[in-house]
Amino acid sequence: MITIESLTKRYGGYTAVDQVTFSAAPGRVTGFLGPNGAGKSTTMRIMVGLTPASSGTATVLGRHYADLPNPGREVGVLLDASAQHAGRTGREILTVAARTIGVPKDRVDEMLARVSLTEEEAGRRVRNYSLGMRQRLGIATALIGDPEVLILDEPANGLDPAGIRWMRDLLRGFADEGGTVLLSSHLLHEIEVIADDIVVIGNGRIVAEGSKDDLLASAGTLVRSDDPVALAAALTAAGITTHTGGDGALRAEADAAAVGRTAFAAGVPVTELRAADGAGLEEIFLELTAETQREGAAA
Ligand code: ADP
């Protein structure tokens, strides 16, 4: 498992990562979600010993990454799919990785099959790969040492929807066998499709954390009425917090039953009532990360 405790990274007077604490558990896919510049890559680089922390600790399988005897056998890492040697073929890159880590050469073909790169594609130079193919190759490199932990920075970048589903199945299979997966993304949708647990970071700080199901449930209820003002007043009077959506719908921080009963008791006809789910989560994500951005601007 991965454990991050009070991790802080300062660049001069700028705090890129601010007292970050979270963990990623075995058997789960943990999504690390935040807008560009939130501090995801910096946190991940610290995890794998590429950037020193200003304070705090990051351990993988109970140790600092640098103290793992053969890290490639224990932790698969993909930080930047474009950082691969452009003049080498995919097969050459995997062969070098297999030799460096000390795994048999047949792992190369096994990994190519696992990430669905064909024989012909494996023989092409990486400079001629699409971003999606580079991501697949990067994942093959991360998996080649048969690690227990995967740390992937924006792995779904450049994948089409079918590619994202493929990645979800691959990571799901890895986690179901007891592996720990941490992947980052700036896109809520990708994380929603792939992850079991979500850690949200905004402006270097963790702003929300929990299982995807709990976060979806906390998104509350979407409710619509011909008289949104009366509806909002009735809900507020009942102690239910509401947020106004752009399209006249309200998002209420309560379950659908409570919202429906309150509207009925107030005599306000409801025209739509449903769990806010993904749309609600998106709104929460934007609210949370916008708030931290404001704090950052004020500080
Ligand atoms: P994310 O991966 O969430 O997009 P990053 O971790 O890459 O965010 O960056 C977080 C913040 O730290 C950004 O404002 C970025 O400009 C800054 N940053 C990252 N690396 C450096 C560096 N080497 N020197 C100065 N600032 C940096």
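The values are calculated or read from the model by the stated rules, or taken from the named source; none is laboratory data. These numbers come from a predicted model, not from an experiment. A quick note on method: Cβ atoms are made from the backbone with ideal geometry, for glycine too, and the neighbour counts reach across all protein chains shown. Please note that ligands, DNA and RNA were not included when accessible areas were found on the heavy atoms of the full protein model with its side chains. Shrake-Rupley method; radii C 1.70, N 1.55, O 1.52, S 1.80 Å.
Couple of notes before you dig in:
- Evaluating residue 78 against the criteria (1) open to solvent by 30 Å² or more (accessible area, probe 1.4 Å); (2) touching a helix residue (DSSP H, G or I) at 6+ places or on another chain (Cβ under 7 Å) leaves one unmet condition, (1).
- Residue in the stretch 5-15 that is within 16 Å of the ligand (Cβ to nearest atom), on the phi < 0 side of the Ramachandran plot, of a type outside the set (Asp, Glu) and open to solvent by less than 10 Å² (accessible area, probe 1.4 Å) present: yes
- Yes/no for residue 41 being surrounded by fewer than 16 Cβ atoms within 10 Å (Cβ to Cβ) and in contact (Cβ under 8 Å) with a residue 24 or more places away in the chain: no
- Considering residues of the stretch 21-50 that are more than 11 Å from the ligand (Cβ to nearest atom) and assigned to a strand (DSSP E or B) only, the residue nearest to the chain's Cα centre (by Cα): 31
- Filter pass, residue 156 being outside any helix (DSSP H, G or I), of a type in the set (Gly, Ala, Ser), under 14 Å from residue 285 (Cβ atoms) and within 16 Å of the ligand (Cβ to nearest atom): no
- Failed criterion for residue 230 (all others in (1) of a type in the set (Gly, Ala, Ser); (2) outside the structural domain of residue 133 (by TED's automatic domain parsing); (3) at pLDDT below 90 hold): (3)
- Checked against the criterion of being under 18 Å from residue 148 (Cβ atoms) and modelled with pLDDT under 95, the candidates 71, 35 yield just one match: 71.
- Counted residues, the stretch 148-159 - those being within 18 Å of residue 45 (Cβ to Cβ) and open to solvent by less than 10 Å² (accessible area, probe 1.4 Å): 5
- Contact map, the stretch 178-190: first residue within 14 Å of the ligand (Cβ to nearest atom) and part of a strand (DSSP E or B), second residue open to solvent by less than 10 Å² (accessible area, probe 1.4 Å) and among the hydroxyl-bearing types (Ser, Thr, Tyr), Cβ cut-off under 7 Å, separation 6 or more or different chains; pairs are 182/30.
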